[in-house]
Amino acid sequence: MIKLEPFTEKDFDLLLSWITTTELMVQWRIAHFKFPVDHGQLAKYISSANQSNSTEYIYKVIETETEATVGHISLGRIDWTNETGRIGKVFVTPAARGKGYASEMIRQILAIAFNELKLNRVSLGVFDFNRGAIKVYEKAGFQKEGLLRQTNKVKGEYWNLIEMGILRSEWHEQTGPGKIQSNV
């Protein structure tokens, strides 16, 4: 259905064509970027992933039948001492939504986190109005861990962020160790 491949400079223009509003930029969780996002900001974003001691894994999402890029996802903030990481920058193109790609993206990134990187915990943040994403994360086994109230101000409106997390033991209860393999 999909595969994750490293996100590179060749992918910048396509990603930039998707992030067309401040709201989309904030939902994509790139608050440290300024709108409009540009090549320079993306180059800085991927530079950390290209280092040998990287704690960032940044992917484009490829639909295997057509080879079309249908999304983006990252696993970052890896803390090797505590064996934790954070999923971020999850985006499925509007034309590709509703086809199960988001669920498969999350399954594959968790397989990387738990089976390959041997992390113990993975977290993420999602805005409380993004019901579709919350459903996908809960289906994957994430649990709501808290609500951060009014974390982002977007065009005069405050947005609340739900913190979610999943442990390796919970992942393995659902999938069985090694059952789901990543394609990366």
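The values are calculated or read from the model by the stated rules, or taken from the named source; none is laboratory data. Treat the numbers as computed from the prediction; the structure is a model and nothing was measured. Don't worry about glycine lacking a Cβ; one is built from the backbone with ideal geometry, like all the others, and counts go over all protein chains shown.
Condition check: out of contact with any strand residue (DSSP E or B) (no Cβ under 6 Å at 6 or more places or on another chain), loosely packed, with under 12 Cβ neighbours inside 10 Å and not hydroxyl-bearing (S, T, Y). Does P94 satisfy that? Quick ask: steps written out before the conclusion?
Working: out of contact with any strand residue (DSSP E or B) (no Cβ under 6 Å at 6 or more places or on another chain): yes; loosely packed, with under 12 Cβ neighbours inside 10 Å: yes; not hydroxyl-bearing (S, T, Y): yes.
Here the answer is yes, as P94 does meet what is asked.
Just to be sure I understand the filter: pairs with C-beta atoms under 7 Å, separated by 6 or more residues or on different chains, first member in the stretch 94-107 and β-branched (V, I, T), second member surrounded by 19 or more Cβ atoms within 10 Å (Cβ to Cβ). Which pairs pass?
Sorted first by the residue in the stretch 94-107, then by its partner, the pairs are I106/V136; I106/Y137; I106/A140.
When you look at S52, is it at pLDDT below 85, surrounded by fewer than 18 Cβ atoms within 10 Å (Cβ to Cβ) and farther than 29 Å from W159 by Cα, yes or no?
Spelling it out, S52 is indeed at pLDDT below 85, surrounded by fewer than 18 Cβ atoms within 10 Å (Cβ to Cβ) and farther than 29 Å from W159 by Cα.
Can you give me the number of residues within the stretch 1-18 that are in a helix (DSSP H, G or I) and touching a residue at least 40 places away in the same chain (Cβ under 8 Å)?
We begin by selecting, within the stretch 1-18, every residue in a helix (DSSP H, G or I); these are 9-18.
Filter again for touching a residue at least 40 places away in the same chain (Cβ under 8 Å), leaving 11, 14-15, 18.
Of the residues in that region, 4 qualify.
Being more than 23 Å from W80 (Cα to Cα) and outside any helix (DSSP H, G or I) is the filter here; which residues of the stretch 122-139 pass it?
Of the stretch 122-139, the ones more than 23 Å from W80 (Cα to Cα) are 126-139.
Listed by number, the residues that qualify are V126, F127, D128, F129, N130.
Can you tell me which residues in the stretch 3-14 are hydrophobic (A, V, I, L, M, F, W, C) and under 14 Å from the mean Cα position of the chain (by Cα)? Explain how you work it out, then say what you get.
In the first step, residues of the stretch 3-14 are kept if they are hydrophobic (A, V, I, L, M, F, W, C); the result is 4, 7, 12, 14.
Selection gives L4, F7.
Residue-by-condition table, conditions (1) closer than 21 Å to I162 by Cβ; (2) among the charged types (D, E, K, R):
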| site | (1), (2) |
| --- | --- |
| T66 | no, no |
| T81 | no, no |
| G85 | yes, no |
| G88 | yes, no |
| F91 | yes, no |
| K99 | no, yes |
| M105 | yes, no |
| N115 | no, no |
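Go through G146, G125, G88 for me and flag whichever is at pLDDT 95 or above, among the small types (G, A, S) and either surrounded by 19 or more Cβ atoms within 10 Å (Cβ to Cβ) or within 13 Å of the chain's Cα centre (by Cα) (or both). Lay out the reasoning, then the answer.
Values: G146 fails: either surrounded by 19 or more Cβ atoms within 10 Å (Cβ to Cβ) or within 13 Å of the chain's Cα centre (by Cα) (or both); G88 fails: at pLDDT 95 or above.
Within the list G146, G125, G88, the selection yields G125.
What's the number of the condition V61 fails, among (1) closer than 30 Å to K153 by Cβ; (2) part of a helix (DSSP H, G or I); (3) among the aliphatic types (A, V, I, L, M)?
(2)
Restricting attention to the stretch 170-184, report how many residues are closer than 23 Å to K3 by Cβ, in a helix (DSSP H, G or I) and modelled with pLDDT under 95.
Let us first name the residues in the stretch 170-184 that are closer than 23 Å to K3 by Cβ, namely 171-172, 174-184.
Still in the running and in a helix (DSSP H, G or I): 171-172, 174-175.
Then drop every residue that is not modelled with pLDDT under 95, which leaves 172, 174-175.
Summing the residues that are closer than 23 Å to K3 by Cβ, in a helix (DSSP H, G or I) and modelled with pLDDT under 95 in the stretch 170-184 gives 3.
Say whether the condition of being in a helix (DSSP H, G or I), of a type in the set (D, E, K, R) and modelled with pLDDT under 95 is met by at least one residue in the stretch 156-169.
Going through the stretch 156-169, the residues in a helix (DSSP H, G or I) turn out to be 168-169.
Imposing the further condition that a residue be of a type in the set (D, E, K, R) reduces the set to 168.
With the extra rule that they be modelled with pLDDT under 95, the set shrinks to none.
Within the stretch 156-169, not a single residue is in a helix (DSSP H, G or I), of a type in the set (D, E, K, R) and modelled with pLDDT under 95.
Considering only residues that are at positive phi and not in a strand (DSSP E or B), which ones fall in the stretch 141-155?
Selection gives G141, K155.
Among the residues of the stretch 19-40, what is the count of those that are outside any loop (DSSP other than H, G, I, E, B) and surrounded by fewer than 17 Cβ atoms within 10 Å (Cβ to Cβ)?
Filtering the stretch 19-40 down to residues outside any loop (DSSP other than H, G, I, E, B) leaves 22-27, 39-40.
Keeping just the survivors that are surrounded by fewer than 17 Cβ atoms within 10 Å (Cβ to Cβ) gives 22-24, 39-40.
Qualifying residue count for the region: 5.
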